[in-house]
Amino acid sequence: MRFVSSRWPRSLAAQLLCTYVAALMLTTCFIASVVWFRSNQDGGVTTQAQLGKVADLLHRSIRFDSAGRPVVGVPLPRDLSWVYHDFAADLKYRILDASGGVIISSEHDAVALAPPGQPFDSTLGSFTLNTGGETLHVRTEPMVHGTKTYYIQVAITERLAALTRSLVAHLLVSDTLRFALASVVLFTVAVYFTLRKVLMPLRETSAAAARIDAHNISKRLSTRNLPIEFLPVVDAFNLTLDRLEKGYIVQRAFLAGAAHELKTPLALIRAQIDMEGTTDREVLLHELDLMARQVNQLLHLAEASETQNYVFEAVDVAAVAEDVVDYLRRLAEPREVYVDICCAPGIPTLQADRGALFMLLKNLVENAIQHSPVSGVVAVTVDTGHVCIRDEGPGIAVGELPKLFTRFWRGATRRNDGAGLGLSICQEIAAAHKWDLAARSTGHGAEFTLSFRVNTANFTADLLPAVHAAAGHR
């Protein structure tokens, strides 16, 4: 019971039900208060309104003869005839002609009702009289039949009007409260079962979400029969599961590839140590350097795969390209490879992570240097929309182009110390910036192109889905 009571205030069904019941009770109390206030606030207005309804009822009960005059002695409806007979002193009516002559009356020898000392005045719609110590409220309404105009006068004493208002007010208030009580009970039951039925798919969805773990992360929550208000939450949850599954698959493949790549150098190092007297210090250092390079590339790949690691800012692409060329000239000079860079004037800035862009271009240029022949030239061209890197190496075989971005894949002309991760790192960087990757063989070497669209109005590069780039260590 403690668990249920702790959850009840936070229950959506309970909150909706309590809100509805409270709103219904407040509305009922407001209506009852208005009825009571109106019935007691201005008795004269209420009485005149009631007299107007009686005059309208009399009007609909009157019949006319062939001459167009009201028929004398025509009986009133049963719900009025006895009232005027039993309450003759308190309730009166007159049917008058245009001059004020009485045609039909609830009393014998009656005259038109008018203020003391005044003749009948058809323009006087309502007034009060004092007769026998009682206040009499009078209302006069015109009645047009054909070309003739008649008048209906109805009157009620103040004591009967007060009694009527009091009875009506009590009846209305009591009936309103009874109706509200019955409505609360009936609608509470109806709303309870309706909410229970409506929220049942949500409970089933919650149970399905609780059953999802690392072993069945491919499952998704069904949106069938769910209220449309909850569809955005479930859709967002499914999208989150999609991202988690993708990350889980990537990390699992990453760990498997890393274990596979590190297994060979570790085995070689162990074999060198186990072979007593044959340990070659240079070989061990080479293997350790190779493993360190692979570990660094694995760390770079893991970092490049996480979008939150990027800090986007305005970056001068030409300046980054020049820094990359200056940094790698130390690698090119021993190989007698010349690195040439050409930057077009007025190149706008690019919104990117500077360190990631540096790594991407570094991999491109380093890859070109490694595959260039002696006295070869690596050309780096930077213009408004592209960064292009060409080498004079053996190029890329057509059959190898689809495999360039595969992790741990190395082509036929690979370096022995390569891990096959350079292009994968570049691909992850490009994907994080919403760029596109492409490569081609020119017949005289390989060409890698990084393309991006620039907003020349404010000299800021837009990160767009269509961007071309090719990078990596083959």
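Coordinate-derived values only; no laboratory data. Predicted model, so just to flag it, every value in this text is computed and none were measured. Cβ: placed from backbone, ideal geometry, glycine included. Neighbour counts: every protein chain shown.
Could you tell me the calculated FRET efficiency between residue 330 and residue 215, based on Cβ-Cβ distance and R0 = 41 angstrom, to the nearest 0.05? Before the final figure, lay out the partial values.
Values: r = 51 Å, r/R0 = 1.23.
Efficiency computed from Cβ-Cβ geometry: 0.20.
Compare the peptides 331-344, 312-325, 115-128 by average per-residue count of other Cβ atoms within 10 angstrom and give them in order, highest first.
Numbers: 331-344: 15.0, 312-325: 18.0, 115-128: 12.1.
The packing order, highest mean first, is 312-325, 331-344, 115-128.
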Notebook entry, point to check: In nm, to one decimal, how far is the residue 282 label point from the residue 99 one, both placed 7 Å along Cα→Cβ?
Noted result: 14.8 nm
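Is the shape of segment 171-257 rounded, prolate or oblate, going by the alpha carbon gyration tensor and its root eigenvalues a ≥ b ≥ c, with a/c under 1.5 for rounded and a/b larger than b/c for prolate?
Working: a/c = 6.25, a/b = 4.63, b/c = 1.35.
Taking the square roots of the gyration eigenvalues as a ≥ b ≥ c, segment 171-257 is prolate.
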Notebook entry, point to check: Under a point spin-label approximation (7 Å from Cα along Cα-to-Cβ), what is the residue 314-residue 18 distance to one decimal in nm?
Noted result: 5.5 nm
Check: Summing Lys, Arg as +1 and Asp, Glu as -1, what charge do residues with Cβ under 14 Å from the Cβ of residue 218 carry, residue 218 excluded?
Finding: +3
Margin query: Taking 60 Å as R0, compute the FRET efficiency from the Cβ-Cβ separation of residue 25 and residue 111 and round it to 0.05.
Written below: 0.65
Next item on the list: Work through the residues other than residue 377 whose Cβ is under 15 Å from its Cβ and net out their charges, Lys, Arg +1 and Asp, Glu -1.
Entry: -3
Check: Each label point is 7 Å from the Cα along the Cα-to-Cβ direction; what then is the distance between the points at residue 88 and residue 124, in nm?
Finding: 2.5 nm
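Peptides 153-165, 355-367: what's the order by average Cβ count within 10 Å, highest mean first?
Working: 153-165: 18.6, 355-367: 23.3.
Ranked from most to least packed, the peptides come out as 355-367, 153-165.
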Note to self: Just want the answer: with Cβ charges of +1 for Lys and Arg and -1 for Asp and Glu, which residue in 233, 102, 184 is farthest toward the dipole's positive end in segment 95-237?
What the structure shows: 233
Next item on the list: Just subtract the alpha-carbon distance of residue 238 and residue 178 from 0.36 nm times their residue separation and send over the number in nm, one decimal.
Entry: 16.7 nm
